[in-house]
Amino acid sequence: MKTPLDLPALDPAAVPARTASIYPTVEQRQRIHGRSKQALGDALGLQNFGVNLVRLEPGAISAFRHWHSRQDEFIYVLEGELTLVTEAGEQCLAAGTCAGFPAGQADGHQLVNRSGRVAVYLEVGDRLPGDRVHYPEEDMEARAIRGSYEFRHKDGTPY
């Protein structure tokens, strides 16, 4: 039996998982099927950076390949195996490995679960205002506005 925890501690199992994507179209959201996120940082009241516990089912992707103009990102693999896809190619990340994506480096990244079992990782990113997310393989960019992202086509027209 687990001992109940009080903030500032929490049991991640108590944080609801979000399976929905914030991508603007139904077709884009469907392509992210098999990913779930638990917003641990939000549940703990963190404001300067986010921490998500992410589960990827076999065959699922973390996001479309992307990079951030202002946000640093960090991932740490807890369970399973993931394929990291970047401009340089692909490499396997096993449990106990990590990767970092500095802000402003135009090297789109994505995680893909090509294994036969669930992979789990921690995802950490800062929340600097004015961030833009670039998607090299999609006609889309995102702009951080008032704590959320607004999606536009690359020519600037809104979705």
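Residues of segment 66-115 being of a type in the set (S, T, N, Q) and either touching a Gly at 6+ places or on another chain (Cβ under 7 Å) or in a strand (DSSP E or B) (or both), which ones? Reasoning before the result, please.
Step one: of segment 66-115, the residues of a type in the set (S, T, N, Q) are 69, 71, 83, 86, 91, 97, 105, 110, 113, 115.
Correct list: Ser69, Gln71, Thr83, Thr86, Gln91, Gln110, Asn113, Ser115.
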Next item on the list: For Ser36, indicate whether it is within 24 Å of His134 (Cβ to Cβ) and in contact with an Asp or Glu (Cβ under 9 Å, 6 or more places away or on another chain).
Entry: no
Notebook entry, point to check: List pairs: first in segment 96-109 and under 15 Å from His68 (Cα atoms), second among the acidic types (Asp, Glu) and in a loop (DSSP other than H, G, I, E, B), Cβ under 6 Å, 6+ apart or cross-chain?
Noted result: Pro102/Asp72; Ala103/Asp72; Asp107/Glu87
Check: What do you reckon, is Gly50 under 16 Å from Asp126 (Cβ atoms) and surrounded by fewer than 19 Cβ atoms within 10 Å (Cβ to Cβ)?
Finding: yes
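Every residue, every condition in (1) over 18 Å from Tyr23 (Cα atoms); (2) modelled with pLDDT under 95; (3) β-branched (Val, Ile, Thr), yes or no:
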position: Ser62; (1), (2), (3): no, no, no
position: Ile75; (1), (2), (3): yes, no, yes
position: Ala94; (1), (2), (3): yes, no, no
position: Val112; (1), (2), (3): no, no, yes
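Picking from Ala20, Ala9, Ala13, which residue would you name as being surrounded by fewer than 14 Cβ atoms within 10 Å (Cβ to Cβ) and either part of a helix (DSSP H, G or I) or touching a residue at least 60 places away in the same chain (Cβ under 8 Å) (or both)?
On the way: Ala20 fails: either part of a helix (DSSP H, G or I) or touching a residue at least 60 places away in the same chain (Cβ under 8 Å) (or both); Ala9 fails: either part of a helix (DSSP H, G or I) or touching a residue at least 60 places away in the same chain (Cβ under 8 Å) (or both).
Of Ala20, Ala9, Ala13, the one residue that is surrounded by fewer than 14 Cβ atoms within 10 Å (Cβ to Cβ) and either part of a helix (DSSP H, G or I) or touching a residue at least 60 places away in the same chain (Cβ under 8 Å) (or both) is Ala13.
The values are calculated or read from the model by the stated rules, or taken from the named source; none is laboratory data. These numbers were taken from a predicted model, which means no experiment stands behind them. Don't worry about glycine lacking a Cβ; one is built from the backbone with ideal geometry, like all the others, and counts go over all protein chains shown.
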